[in-house]
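K.L.:
Here you go, one structure.
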Amino acid sequence: MSEPILYKGRGTPEMYDDLMDFLNYVFGFNGNEQDFKKLLPKLYKPEYNPTYANYVVTENGKLKAAIGAYDSTLQVGEETLKSRGIGNVAVHPYARSKGYMIDCMTMALSDMVKDGVDFSILGGLRQRYAYFGFEKCAPKYRVHLNKTNLRHCFRGVPLEKLELHPVEDSDTELLDQMYALHATRPERTLRPREAFLDILRSWQAEVVAILRNGTFIGYYVGSLSELTLVDKADLYAVVRNYVEAKGELDMVFAGWDRETFEAMFEICEDFSLGICENISILNYQHVLSALLKFKASYTTLADGVITTRIHGYARDEVLKISVTNGVPVVEDYQGECDFEFTHKEAMTFFLGIHSRHWNSMPAAIRDWFPLPLFVDSADQV
């Protein structure tokens, strides 16, 4: 039997229908209730050109593997970081053990380095993607509460009824208000207005506008994910209305959102510190600089300095990280370093919720970390 004709590279527009069928097949979706275009419309609608974002392997013109690499820009305070998320990692069951996943991941990551991407994010098993430079990190908070918690915390306080309005395509005015409010979030993925609702509907989440007597006061998706309010003083009223309707709440939010954390800590049943996703930093200097400046905008950073040599996935970087009068600077450095890290060690040191190296540094500098990288669920792939 002759060897198949192989193609390894980016997808082409004419592959669209085949790609959608292939992904649904590999993931066991039926194409109706379970369908990639419904799960993540922001990526798989034809107008978003998902074929070009996919690295594929074909045998005699038939898809055997595909991995998507989807661009986004994360606004972090006053700076922006270029991100590319990995999704829909798919290999045909009859084509496994041929190295096609490795081929596609290698193509995707090579282009990220070439294109100057600052970091990549993906969902998946930790050790499976550690081979490709990813590590589970970036802190997030999770709280749980129920009606019993609220009954005790708000005993004698009347419930103010708010309208939790499911948003439809026709709610143009509400969507405009939501879009403008989203732009006030200090760390956020930049979203085109025309794709805003598709993005919010990621993972088939319910998109809800919050109204008081017909006036827009905020929005959320799913289980109060990305809860954004015109006035933070309305937080408890929104939480009480949500739990009244749903019975309980499991809420995830960013580590930088200190106001929400302090308020929810007072009324929750349980809380935990977790990790956002698998991350790979490809440009340490830019990422660390942006995140340290952002952290300095909402908390005080103690003065200090450390130097480090990082054997990163994209390249080696030797950096001096300093804070003077609360102002952080990350710059190139030449000389002996305080720390020398592998890529994995650097990821957990700067972004993790635990690093064995934290014990060997001054307590004041230890308080700089972890840095507040957070990507909302609606922006993950």
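K.L.:
Considering only residues that are of a type in the set (A, V, I, L, M, F, W, C), touching a residue at least 12 places away in the same chain (Cβ under 8 Å) and within 18 Å of ASP234 (Cα to Cα), which ones fall in the stretch 144-167?
P.N.:
Matches in the stretch 144-167: LEU145, LEU150, CYS153, PHE154, LEU159, LEU162, LEU164.
A quick yes/no check of all residues on (1) surrounded by 21 or more Cβ atoms within 10 Å (Cβ to Cβ); (2) closer than 24 Å to ASP171 by Cβ; (3) in contact with a helix residue (DSSP H, G or I) (Cβ under 6 Å, 6 or more places away or on another chain):
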| residue | (1), (2), (3) |
| --- | --- |
| ASP234 | no, yes, no |
| VAL239 | yes, yes, no |
| PHE261 | no, no, no |
| HIS286 | no, no, no |
| PHE294 | yes, no, no |
| THR300 | no, no, no |
| VAL305 | no, no, no |
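K.L.:
Further, regarding this structure: Please find, among ILE365, ILE353, ILE275, ILE310, the residue that is over 23 Å from the mean Cα position of the chain (by Cα), among the β-branched types (Val, Ile, Thr) and modelled with pLDDT under 95.
P.N.:
Exactly one residue qualifies, and that residue is ILE365.
K.L.:
Taking the stretch 254-268 only, how many residues are farther than 16 Å from TYR298 by Cα and in contact (Cβ under 8 Å) with a residue 40 or more places away in the chain?
P.N.:
In the first step, residues of the stretch 254-268 are kept if they are farther than 16 Å from TYR298 by Cα; the result is 263-268.
Subsequent filtering for residues that are in contact (Cβ under 8 Å) with a residue 40 or more places away in the chain retains 264-268.
Residues in the stretch 254-268 being farther than 16 Å from TYR298 by Cα and in contact (Cβ under 8 Å) with a residue 40 or more places away in the chain: 5 in total.
K.L.:
Scanning for something free of Cβ contacts under 8 Å to residues at least 24 places away in the same chain and either within 18 Å of the chain's Cα centre (by Cα) or over 26 Å from TYR284 (Cα atoms) (or both), does the stretch 116-129 turn up at least one residue? Show your work before the answer.
P.N.:
Within the stretch 116-129, the subset free of Cβ contacts under 8 Å to residues at least 24 places away in the same chain is 125, 127-128.
If we keep only those that are either within 18 Å of the chain's Cα centre (by Cα) or over 26 Å from TYR284 (Cα atoms) (or both) as well, we get 125.
Within the stretch 116-129 (the criterion being free of Cβ contacts under 8 Å to residues at least 24 places away in the same chain and either within 18 Å of the chain's Cα centre (by Cα) or over 26 Å from TYR284 (Cα atoms) (or both)), the answer is yes, since at least one residue qualifies.
K.L.:
Mind telling me which of the residues GLU331, GLU317 ends up being part of a strand (DSSP E or B), crowded, with 17+ Cβ neighbours inside 10 Å and in contact with a strand residue (DSSP E or B) (Cβ under 6 Å, 6 or more places away or on another chain)?
P.N.:
Values: GLU331 fails: crowded, with 17+ Cβ neighbours inside 10 Å.
Residue meeting the stated conditions: GLU317.
K.L.:
Based on this model, can you work out whether LYS147 counts as among the charged types (D, E, K, R), within 19 Å of the chain's Cα centre (by Cα) and on the phi < 0 side of the Ramachandran plot? Give the steps one after another, and end with the answer.
P.N.:
Values: among the charged types (D, E, K, R): yes; within 19 Å of the chain's Cα centre (by Cα): no; on the phi < 0 side of the Ramachandran plot: yes.
Judged against the criteria, LYS147 is not a match.
K.L.:
Please specify each residue of the stretch 30-46 satisfying the condition of being in contact with a Phe, Trp or Tyr (Cβ under 7 Å, 6 or more places away or on another chain) and either within 23 Å of THR58 (Cα to Cα) or of a type in the set (Asp, Glu) (or both).
P.N.:
ASP35, PHE36, LYS37, LEU43, TYR44, PRO46
The values are calculated or read from the model by the stated rules, or taken from the named source; none is laboratory data. What you see is a predicted model, and the numbers here were worked out from it, not measured in a lab. Counting neighbours? That spans all protein chains shown, and the Cβs are built from the backbone with ideal geometry, glycine included.
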